[in-house]
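Scroll down for the structure; my scribbles are underneath it.
The values are calculated or read from the model by the stated rules, or taken from the named source; none is laboratory data. Computed from a predicted model, the values in this text were never measured in an experiment. Backbone-built Cβ (ideal geometry, glycine too); neighbour counts: all protein chains shown.
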Amino acid sequence: MFNTFRAHAGQFMKIAAIACALCLAMAALAGCSSSDSQQEKTPAQVNREYMSSVNSISQEAASALSNFSDAAAKQDVAAMRVAASNATKALDKIAALEAPDALKDVKSEYEAGANDLGQALSDYVEIYAQIKNAGENLDAAAEAAKGIDDVKARYDSGIEHLSKADSMVADMADSSTSDDASK
């Protein structure tokens with residue numbers, strides 16, 4: 001099971017990289033803006049700032065997930081709890097962001113993904129702790145392990161939501177590019 005979470009932590013890091021690339025693409029699409037700080041921000045600038053914040057949060061969460069994977073490999077429940085908590089705290093920051101109107105649906109997907117991932121990490125740590133505490137009691141360990149499929153399903157759901165949000169942003173960037181090309 002630890003290897004499964006390690007593999008998914010790699011997926012989350014890839015998603016963070018995609019979010020970064022999408023943020024850069026949106027910045028390139030929007031072009032340069034005036035250096036006049038008194039000027040109101042354009043919708044493209046607001047969108048870029050939002051995506052930049054999401055990217056920063058994704059990088060923070062990816063770092064915590066990497067720490068989680070390391071702790072899981074070492075079978076260190078206390079470190080797993082800390083890393084899972086740090087990842088969840090980072091992911092919770094997505095809900096606090098104010099999304100521009102054009103990205104409200106994207107934010108909903110990011111939030112759903114963040115919620116599912118945070119819950120999956122927390123549930124995984126609890127199941128792992130129960131299995132570890134069961135020791136030689138195979139019946140207790142087997143009973144605790146029954147929840148692993150639910151944790152995996154929730155984790156996969158989180159990854160799906162994040163991937164969907166990234167696809168939505170990519171579609172928006174593609175749409176913006178084709179609109180700019182037709183002018």
- prompt: If you take the residues of region 39-52 that are surrounded by fewer than 18 Cβ atoms within 10 Å (Cβ to Cβ) and touching a helix residue (DSSP H, G or I) at 6+ places or on another chain (Cβ under 8 Å), which of them is farthest from residue 169 (Cα to Cα)?
  reply: 41
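Condition check ((1) within 22 Å of residue 56 (Cα to Cα); (2) not in a helix (DSSP H, G or I)) across all residues:
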site: 94; (1), (2): yes, no
site: 98; (1), (2): yes, yes
site: 104; (1), (2): yes, no
site: 128; (1), (2): no, no
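Identify, from the list 124, 50, the residue that is without any contact (Cβ under 8 Å) to a residue 60 or more places away in the chain and not acidic (Asp, Glu).
Working: 124 fails: without any contact (Cβ under 8 Å) to a residue 60 or more places away in the chain.
The unique qualifying residue is 50.
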- prompt: Is it fair to say residue 82 is within 17 Å of residue 65 (Cα to Cα), without any contact (Cβ under 8 Å) to a residue 24 or more places away in the chain and in a helix (DSSP H, G or I)?
  reply: yes
message: Checking the condition assigned to a helix (DSSP H, G or I), acidic (Asp, Glu) and modelled with pLDDT of 95 or more, which residue from 149, 166, 156, 139 passes?
response: 156
